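Report on the structure given below.
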Amino acid sequence: MSKVLPNYCCLLAVFLTTCAAALFAEDIDVTPTVADGIAWYNAQNWPVENKAWNDTARYFARLPGRAEGVVPDDVWRLSQHSAGELVRFRTDAPAIRVKFRLYSDQLAMTHMPATGVSGLDLYALDKNDSDSGTWKWAACTMPQSQEDNVELIGGMDPAMRDYMLYLPLYNGVDALEIGVPEGTEFHAVLPRAEKPILYYGTSLAQGGCCSRPGNLYTAMLSRRLDYPVLNLGFSGSARMEPEMGELFAELDPVLFVLDASPNMYADLIDQRGVNFIRILRDKHPDTPILLVENHIHAHSWIIPGKAEEDRTNVEALRRVYDQLIAEGDKNLYYLRADNLVGEKIDNDTTMDGSHLNDLGMYRMADSLEEVIRPILGL
């Protein structure tokens, strides 16, 4: 891995910000609607975690409404998907239901199951596992229709627990209610207070092609690092347009991760890469930026065109990095492809040589965690 030594003033600021944040997310009371013995809590009545802007046209969308007509049409369409977002709550209920209406009736894709495309994925905090607890998978919906009312999990010991409900990766949510038996305790939990990591990427970052939302590598990173992660992955559409840079520059993340190379190819990286980072630097001169090389396709060993694409993409991104380092950027970091998934991106980690399965997502999270921890001083 090539990188510049971190700026210690920046790391101190990160440390102080983290210490000042609440150790545990704050909970608030919300009023339910009760029907047939179930108390229903509308998830639009408290903030969504990993949502970058509040002025979205749809509550669970990822870009602000004013971005329509400004960003490319495909980016806007994909921004209506809720990839990376989650809802936090706390309850002692022995069973949890969900009532939802999805944005699209396309529940699955030919190469990705409905549980990943359109599923709701539940994690619970096991406080018996360690002093601070461990987030563990609990349940996932198996969508059969655009609108449904189902028991997500039942038969639990009635103990007070914290939960995270991940939203769909390649679908959006128009309505979501969480239901618990009437008389049980329920609290909405606010998002974490730390500054988020902003992850800008391609279809892999959006979730292609893991089996369920909690297995997305940005979700894994968020749980491991205990940081919010804004997922700004746009399938086939991460091309570093200046308009996207201006939008990102409005935010105040603790780290920018730029992983757009697979959608750009060498010529576009040369044209846009340096300018895109300069747009961010204009508002964020000291915020760490991590550049992620184009991953090596698993079948490039047998397809010369893929090997050439990988090589030229890597060389172009390296030129961007070298130019900015030469200009004096002290908080620019670089993650090489052979340190990303590298030898690990083999027959076991992808579904098509490029898009990652669950094992590939896990290994991607490993590689990113290794470089991000020292950048953030963790």
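The values are calculated or read from the model by the stated rules, or taken from the named source; none is laboratory data. Quantities reported herein were computed from a predicted structural model and do not represent experimental measurements. No Cβ is skipped: glycine too gets one built from the backbone with ideal geometry, and neighbour counts run over all protein chains shown.
Structure notes:
- The set of residues in the stretch 173-192 being of a type outside the set (Lys, Arg) and not in a strand (DSSP E or B) consists of Glu182, Gly183, Thr184, Glu185, Leu190, Pro191.
- Summed over the stretch 41-96, residues that are part of a loop (DSSP other than H, G, I, E, B) and among the hydroxyl-bearing types (Ser, Thr, Tyr) total 3.
- Filter pass, Val70 being outside the structural domain of Met220 (by TED's automatic domain parsing), among the aliphatic types (A, V, I, L, M) and more than 25 Å from Leu356 (Cβ to Cβ): yes
- Answer from Glu315, Glu293 - the residue that is acidic (Asp, Glu) and over 23 Å from the mean Cα position of the chain (by Cα): Glu315
- Considering Arg62, Arg90, Arg97, Arg77, the condition of being farther than 17 Å from Tyr166 by Cβ and either modelled with pLDDT under 95 or among the basic types (Lys, Arg) (or both) is satisfied by Arg77 alone.
- Test: residue in the stretch 92-101 that is aliphatic (A, V, I, L, M), out of contact with any His (no Cβ under 8 Å at 6 or more places or on another chain), surrounded by fewer than 16 Cβ atoms within 10 Å (Cβ to Cβ) and not assigned by TED's automatic domain parsing to the domain that holds Ile277: no
- Test: residue in the stretch 297-307 that is surrounded by fewer than 16 Cβ atoms within 10 Å (Cβ to Cβ), under 21 Å from Pro242 (Cβ atoms) and over 22 Å from the mean Cα position of the chain (by Cα): no
Condition check ((1) part of a loop (DSSP other than H, G, I, E, B); (2) of a type outside the set (Val, Ile, Thr); (3) not assigned by TED's automatic domain parsing to the domain that holds Thr91) across all residues:
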site: Lys136; (1), (2), (3): no, yes, no
site: Ala139; (1), (2), (3): no, yes, no
site: Glu151; (1), (2), (3): no, yes, no
site: Pro158; (1), (2), (3): yes, yes, no
site: Tyr163; (1), (2), (3): no, yes, no
site: Asn171; (1), (2), (3): yes, yes, no
site: Leu198; (1), (2), (3): no, yes, yes
site: Cys210; (1), (2), (3): yes, yes, yes
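- Residue among Ile296, Ile277, Ile303 that is within 26 Å of Pro196 (Cα to Cα) and among the β-branched types (Val, Ile, Thr): Ile277
- For the stretch 122-134, taking the residues that are part of a strand (DSSP E or B) and not aromatic (Phe, Trp, Tyr), the one that is farthest from Arg224 (Cα to Cα) is identified as Leu122.
- In the stretch 165-185, the residue that is nearest to Pro228 (Cα to Cα) out of those that are of a type in the set (A, V, I, L, M, F, W, C) and either surrounded by fewer than 22 Cβ atoms within 10 Å (Cβ to Cβ) or modelled with pLDDT under 95 (or both) is Ala175.
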